[in-house]
Every structure is written in structure tokens, then in C-alpha cells.
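I have placed the structure first, in the form of C-alpha cells, so that the comments after it can refer back to it.
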Amino acid sequence: MKRTLLLPALALLALPLAAQEPAKRSALWEANCSVCHGDDGHGQTEEGLKKRARNLADAKWQETVSDGRLESSIKRGHDRMPAFGRKLNDEQVKALVAEIRSLVKKGS
Ligand code: HEC
């Protein structure tokens, strides 16, 4: 009885999640970046709005910044963006840069 009710409920919950793009961030992102930049990178979270976190999914902005600049901003911080150089190693920082790049859909 319970199961017959639960399954359709889960299906309904899964629908809007699947429609979101991109659907899921890495554990690294969730633990360190989501609070300000959000799962979509738009920075529309409570913290993000307070600190004016930038929209990392902005394709035009991404074109203007090199990977090196993104790495350095993550490691050393940038304006109100905190530094993560002591918390994350180079590999993790590079993975996050790749993740930022993946926020922008190719061709848009
Ligand atoms: C406490 C809130 C906060 C957290 C947590 C945070 N950021 Fe930011 N981030 C900001 C703000 C505010 C800015 C805008 C600062 C600026 O304009 O330079 C920013 C800007 C950036 C930029 C652009 C900097 C540039 O060079 O222009 C990158 C890249 C970035 N964040 C990546 C990350 C990553 C990756 C994480 C997780 C490791 C993270 N941020 C976590 C607040 C945050």
C-alpha cells in the first residue's frame, strides 16, 4: 500500500530535478561553492546575493577570463570571493575551473 503511493510521488519529485540544467554539481562544489554561487553557478543564493557573487555561468564573462585567472581567483580570492588555496589542492582547483567552464553550454 505504501509503495504504490510512494512511487508516483517520487516520479513527480524527479521530474523538475531532471529538467534543471545542469542537474548536479560535484561534491567539491556543493561543499565549498554552492552556498554563494548556487548549484547553477548563478549566485542567486541568500549568501550570494548578499556578497554579490558573480554569475559564473555567464558565457560572455567566461570568454574574457583565462583558466589561469579562474584558478588564481579560487586560490587567492577575488574581491569578496574568499580564498580557497589553503583548503583545496591544485587538482581540486583545476577540477573546479573545469566545472565552471561546464556551466556554459557549448555553442551558446
Ligand atoms: C562566501 C561566498 C563565496 C563562496 C563560498 C565562493 N565564492 Fe566565488 N565569488 C564570490 C563573490 C562575492 C564573487 C565576486 C567577486 C568578484 O567580483 O571578483 C566570486 C567570484 C568568483 C569567481 C570569479 C572571480 C574572477 O576572477 O572574476 C570565481 C571563478 C569563483 N568565484 C569561483 C568560486 C569557487 C570555485 C568556489 C568554491 C571553491 C567559490 N567561488 C566559493 C563569493 C563566493
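Throughout, read-outs are computed from the coordinates displayed, never taken from laboratory work. Keep in mind it's a predicted model, so treat the numbers as computed, not measured. We place every Cβ from the backbone using ideal geometry, glycine too, and count neighbours over all the protein chains shown.
Observations on the model:
- Once the mean of 1/r is taken over each pair of separate Cα atoms and inverted, the stretch 25-102 shows a Kirkwood hydrodynamic radius of 12.4 Å.
- Aspartates and glutamates whose Cα lies under 14 Å from that of K75, excluding same-chain neighbours fewer than 8 positions away: D67, D90, E91
- Neighbourhood charge, 13 Å Cβ-Cβ cut-off, centred on N89 and excluding it, Lys, Arg +1 and Asp, Glu -1: +1
- Candidate aspartates and glutamates for bridging to K50, where Cα separation is under 18 Å - those fewer than 8 sequence places away on the same chain excluded: D39, D40, D79
- Label-point separation in nm, R76 to E91, each point 7 Å along Cα→Cβ: 2.5
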